[in-house]
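Contents: one structure, followed by commentary.
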Amino acid sequence: QVQLVESGGGLVQAGGSLRLSCRASGSILSINAMGWYRQAPGKERELVAVITSGRTNYADSVEGRFTIFRDNAKNTVSLQMNSLEPEDTAVYYCNAVIGPFKRNYWGQGTQVTVSS
């Protein structure tokens, strides 16, 4: 079984920064992609950023403010969030696509709250 454990959420003022981290552990043969999604109250879960084999993709709303990076040796993915806005308030979920069958795994979620 695979587990994703997130850390780093919290409360920050608008314009501030936070870093989220996620570590995958368990029976991991290969990780195809790791990324971050978020879900705000009353909204659907949306992609924030994803990294695959060195390529990154960001939601338009975070492009230029957020940076995703991955440590393959440690099976971790991190999200550096700068210039945070109240609209970034959400529960952030780590995601990993693992193994030859590209199975999706999710973390438990971490709350990010940006005050105005």
Would you work out what percent of the accessible area of the chain, with all protein chains in place, is carbon or sulfur (probe 1.4 Å)?
46
When only the heavy atoms of the protein chains count and the probe is 1.4 Å, how do 58, 92 rank by accessible area, highest first?
58, 92
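In terms of solvent-accessible area of protein heavy atoms at a 1.4 angstrom probe, what is the ranking of 23, 55, 65, 45, highest value first? Each step should come with its number before you reach the end.
Numbers: 23 135, 55 180, 65 35, 45 95 Å².
From most exposed to least exposed: 55, 23, 45, 65.
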Identify the residues of region 45-61 with backbone N under 20 Å of a label point that sits 7 angstrom from the Cα of residue 39 along the Cα-to-Cβ direction, or state none.
45-50, 59
Give the accessible surface of the chain per residue, rounded to a whole number of Å², with probe radius 1.4 Å and ligands, DNA and RNA excluded.
55
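The values are calculated or read from the model by the stated rules, or taken from the named source; none is laboratory data. Values in this document were obtained by computation on a predicted structure and should not be read as measured data. Using ideal geometry, Cβ is built from the backbone for each residue, glycine included, and neighbour counts are taken over all protein chains shown. Surface areas here come from the heavy atoms of the whole protein model, side chains and all, with no ligands, DNA or RNA. Shrake-Rupley method; radii C 1.70, N 1.55, O 1.52, S 1.80 Å.
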